Amino acid sequence: MTAPIYGLVLAGGRSTRMRRDKAALVYQGRTQLERAMELLAPHVERAFVSVRPDQAQDPVRARFPQIVDRHENLGPIAGIMAAQEEHPHAAWLVVACDLPLLDAATLEHLVRSRRPEKLATAYRSSRDGLPEPLCAIYEPASREAIAAYVAGGKQCPRKFLINSDVELLDEPNPRALDNVNTPEEYRSVMTSLKDETAPTARRIRVQYYALLREQAGRSEESIVTHARTPRELYEELKARYPFTLAPEMLRVAVNEEFGDWSQPLAEGDAIVFIPPVAGG
C-alpha cells in the first residue's frame, strides 16, 4: 500500500543573510510561508510548518500546524527528521519556504512522477545537475537511512540524496527552485514578478459585515484596485483599514457565491468578506 503524502514547509532557518525573516517576506500580497502552504494543500493529506522551538509562538508560523525540531544545529535535515519521527508512516513532500518562483505545475509534476519504491523523488538542478533536496518527496523508508546518515556526523540533505537510491526528475520550470537568500535577490525577484504580472486596474464593489464593518467604518464601498484575487484585495484593504482578522478566519463570497481566495477577480465583481459571526 502506497504511503499517504504529508506536506512540510521548512521555515526554521535563521535568515542570517537576508537579515529579515524569509518566511514573512511578502510576495504579491502573501507571505512566503502562506504561499508555500497554499501550493502544498492540493497535493497532501495534511500540511505542517517546520519550526525551531523558539519559533513556535511566532505569529507568522503560529497560524499553521507545526512540527518542532527535535535536534539542534542540523539545518533543514532536522525538520525532515522531526516530521518523520512524528508521522513515520507518511511520505513527506518537503519544500523550503524561500522559493518565491515555485509554481503549482512543478509540484504537480513531482507528485505525479513519484516513485514510492525509491527512498525519495526529487528534481535534478537545472544549474548543476545535482539533486534538489528542498523540493522533494521523502518516502517512509528513508527515515532510518536519514537517521543513520545524521548519526554518522553528516547533515547535508543534498549529499544524502546523491548517495541514495532516489528518482531524479528534470525541472519543468528551470526557475521554480531558485531560492532567495539576500536582500539583493529579494529585490531582483520582486522586480521580475512585477514585470511578469503587471496587473490591470478594475473596479470592485466590497461589502463588510460584523467586525470588519466596524473596523472599516462602512458597510460597503466601490474601489479601483490592482488586486487579482480576493486574497490580494483583502491584503490591500488591511493596509487601509485596521483589520485584525487573518484571511483563514473569514469566508469570501464573489458575486453572491462562496468563492476561493485565489480565484481571479474581474471588472464589476461584488466581494463580501464574512467573519466567523456575521450580522448585526
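Do we find that P140 is closer than 15 Å to P76 by Cβ and either part of a helix (DSSP H, G or I) or at pLDDT 95 or above (or both) in this structure? So P140 fails the test. For region 145-157, the set of residues classified as of a type outside the set (A, V, I, L, M, F, W, C) and either crowded, with 17+ Cβ neighbours inside 10 Å or on the phi > 0 side of the Ramachandran plot (or both) consists of Y149, G153, Q155, P157, listed by residue number. Inclusion of P88 among residues that are at pLDDT 95 or above, assigned by TED's automatic domain parsing to the domain that holds P133 and under 15 Å from P140 (Cα atoms) is warranted. If we keep just the residues of region 2-24 that are among the small types (G, A, S) and within 18 Å of I67 (Cβ to Cβ), which is surrounded by the most Cβ atoms within 10 Å (Cβ to Cβ)? Here the answer is A11.
With respect to Y27, determine if the residue is aromatic (F, W, Y), touching a Lys or Arg at 6+ places or on another chain (Cβ under 7 Å), surrounded by fewer than 21 Cβ atoms within 10 Å (Cβ to Cβ) and in contact (Cβ under 8 Å) with a residue 40 or more places away in the chain. Taking the combined requirement at face value, the residue satisfies it. Being at negative phi and modelled with pLDDT under 95 holds for only one residue in L10, L101, L33, L40, and it is L101.
Rundown of residues vs (1) surrounded by fewer than 11 Cβ atoms within 10 Å (Cβ to Cβ); (2) in contact with a Gly (Cβ under 9 Å, 6 or more places away or on another chain); (3) at pLDDT below 85, yes/no style:
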position: S192; (1), (2), (3): no, no, yes
position: T197; (1), (2), (3): yes, no, yes
position: R205; (1), (2), (3): no, yes, no
position: Q215; (1), (2), (3): no, no, no
position: E221; (1), (2), (3): no, no, no
position: E232; (1), (2), (3): no, yes, no
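Within region 170-182, one or more residues are within 29 Å of E108 (Cβ to Cβ), of a type in the set (G, A, S) and surrounded by 13 or more Cβ atoms within 10 Å (Cβ to Cβ).
Collect the residues in region 156-177 that are modelled with pLDDT of 95 or more and among the basic types (K, R), keeping them in residue-number order. Matches in region 156-177: R158, K159.
The values are calculated or read from the model by the stated rules, or taken from the named source; none is laboratory data. Since the model is a prediction, treat every value here as computed from it, not as a measurement. When we count neighbours, we look across all protein chains shown, and the Cβ atoms used for this are built from the backbone with ideal geometry, even at glycine.
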